[in-house]
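Working notes, structure below.
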Amino acid sequence: NLLWRCFGAKGIVALAFWLGSIYAEQIRAEHKSYPFLEVVGEPGAGKSTLIEFLWKLLGRRDYEGFDPSKSTLAARARNFAQVAGMPVVLIEGDRSGEDKAHAKGFDWDELKTAYNGRSVRSRGVKNGGNETYEPPFRGAIVISQNADVSASDAVLQRIIHINCDVSAHTQTTKAAAEKLERMAIEDVSGFILKAALAAGDIMAAFSAGADKYEKLLQASPDIKNLRIIKNHAQIMA
């Protein structure tokens, strides 16, 4: 209720994606893909408050994400390989102006293979042979920044977009946001345990819902792209 009061439907969509990220591997095993989430909006719209609260649900405090523009290729690859069944959050990834030399080193197209759970980077193993190391991507990707992602259509089609703005901010939402920020991690980190214990029920409900919502979205004359239909059906499920 507090999340709803603070962020409305956008908060619930973000929470649904966060829950889905715990099951990203199972979802990909069945549906071959799991979308990316982009939380974008003007400064002060509440993106950091939302994401830091969602991290508390997984037992991680005072953390939002990492900036890919300020990371080397090896560091980015390790960030993606470190976790399973958890989101990897990229913050302010396409900032222009500052750090241009580093920013040139990051291309959103690097993420394409993560959509299907494949490795985002391959490297050779130093043993004199032909072996390569390609760890699969087992998590989910969240992008949080002030400007929309500027990338190829192939990448943009893999993204669920949430636009945050300050137009709905009131004293009520401010009070709710402050409560979310002050909430102790011990009061909400049981979320991940409850989610794990309900795995069978959640995956059964997801499978039934994904088929139902795909048919519902396909019936809309305004949506032609099958990947976009699939992505949004998964989040609805």
Karplus ³J(HN,Hα) for the range 39-54 (6.51 cos²θ - 1.76 cosθ + 1.60, θ = phi - 60°; Hz, whole; x = Gly/Pro) runs 9, 10, x, 5, x, x, 7, x, 4, 5, 4, 4, 5, 5, 5, 4
Given H placed on each backbone N at 1.01 Å, which residues far from PHE36 in sequence or on other chains put an amide H within less than 5 Å of it?
ILE159, ILE160
What's the carbon and sulfur percent of the chain's accessible surface, probe 1.4 angstrom, rounded to a whole number?
52
Taking the range 102-237, the equivalent ellipsoid from its C-alpha gyration tensor has semi-axes in Å, biggest first, of 31, 24, 22
Which one is right for this structure if Kirkwood radius over Cα pairs in Å is calculated from it: (1) 18.8; (2) 21.5; (3) 20.5?
(1)
Once the Cα gyration tensor of the range 1-49 is diagonalised, semi-axes √(5λ) in Å
25, 13, 7
I need the GluC sites (Glu not before Pro) found in the range 1-98, filtered to DSSP loop residues with at most 11 other beta carbons within 10 Å of theirs.
GLU98
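The values are calculated or read from the model by the stated rules, or taken from the named source; none is laboratory data. Predicted model only: the values in this text are computed from it and were never measured. So basically every Cβ, Gly included, is an ideal-geometry build from the backbone, and we count neighbours across all protein chains shown. With ligands, DNA and RNA removed, areas are computed over all heavy atoms of the protein, side chains included. Shrake-Rupley method; radii C 1.70, N 1.55, O 1.52, S 1.80 Å.
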